[in-house]
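K.L.:
Below is a structure I'd like to ask you about.
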Amino acid sequence: MAAVRGMSKMYGVCFHAVRQTAGLKASRLLQHRAFRVSAMQQQQPFDSSLEKPQFPGASAEFVDQLEFIQPNVISGIPVYRVMDRQGNIINPSQDPQLSKETVLNFYQKMTLLNTMDRILYESQRQGRISFYMTNYGEEGTHIGSAAALDSNDLVFGQYREAAAGAAYAVKRENMNRAVICYFGEGAASEGDAHAGFNFSATLECPLIFFCRNNGYAISTPTNEQYRGDGIAARGPGYGMLSIRVDGNDVFAVYNATKEARRRAVAENQPFLIEAMTYRIGHHSTSDDSSAYRSVDEVNYWDKQDHPISRLRHYMTARDWWSEDDERSWRKQSRKTVMEAFEKAEKRLKPNPELLFTDVYLEMTPNLNKQRESLWRHVQQYKEHYPLDQYEK
């Protein structure tokens, strides 16, 4: 027992000695380190103003004043343009240098779209078609963007891209193909846009988001729809290069879309274009915009800042277009649209079965039920459904 007590005592003495030695070494090490740090500070004075935030995703500077950011005092995102309202090129280096033939083609397509709008709007009022959405005031966004695309690119239109969709939605196999997705109506489809932004942010893809910001989300002005500086302000948050352009300047839209397409394909990344324009027409044939905006407001955009008149100023200044040309083309374009409309009226309407079979490869159970319900209804009230006017 005495031997055990002796060994315990000796162990305690040894442990105490080791702890003292370790403590002494640690103390000396700390002193040494402190000396080294002190020496470094003396040799290289630290400047806190040179510190940069290292937080993931933060590419900014530190500030030493407490100040909240006020959205109404931050400078807005600039709007890129090439022509002023009188059709003058502001910066010659931005002139796309398009040929006379190309510019005339732009103008004729824009005015043809305008003529089609008038005829179809009147046709709806006559009961010849059921519903229509005009493109008045937004012609520059259609033609400028579509002209910058390749015929192999994929175009996903919203519902007010009649010219762009009809002319350029050509699907072919091509690895250098870009995809352009249109959305707009102020912020009405902003939720869908952000869903697309989230999708594109997870992929490396040549995708162009093209927003027609026409000032109204149906009947609500965009400045009442959301705070901030428009759709383009959202792009950087999703890691996309973004630009805001004057949508009433067809050259600005063309330049921006062409460059976005070139880089999207070359760099395999998404881009966002916000084209600022104005919806001169009613939201649709079911809308009366006089209930929420003044006639003077609409007249200003129609008379003072219209994409068609701006391009016409550009052409007349170069003696590329005259009053005689205008009258002749307006007459010809109306004839073209009326002939196409009359031809379309004579065609049989699509088979009603396409309502159910045109989306899924195999019809879902709920679609089968809906189809059965439809045909029961049609058979019960067949005097109201002239099926002879529909394709079999």
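K.L.:
Running Debye on region 87-167 with equal point scatterers at the Cα sites and no solvent, what base-10 log of I(q)/I(0) appears at q = 0.25 Å⁻¹?
P.N.:
Results for region 87-167 at q = 0.25 Å⁻¹ read -1.24.
K.L.:
Quick check for me: using +1 on Lys/Arg Cβ and -1 on Asp/Glu Cβ, what's the dipole size of region 92-346 about its Cα centre, in debye to the nearest 20?
P.N.:
520 debye
Each reported figure results from applying straightforward, stated rules to the coordinates on display, with no laboratory input. Given the structure is predicted, the values throughout are model-derived calculations rather than measurements. Methodologically, a virtual Cβ is constructed for each residue, glycine included, from the backbone with ideal geometry; neighbour enumeration extends over all protein chains shown.
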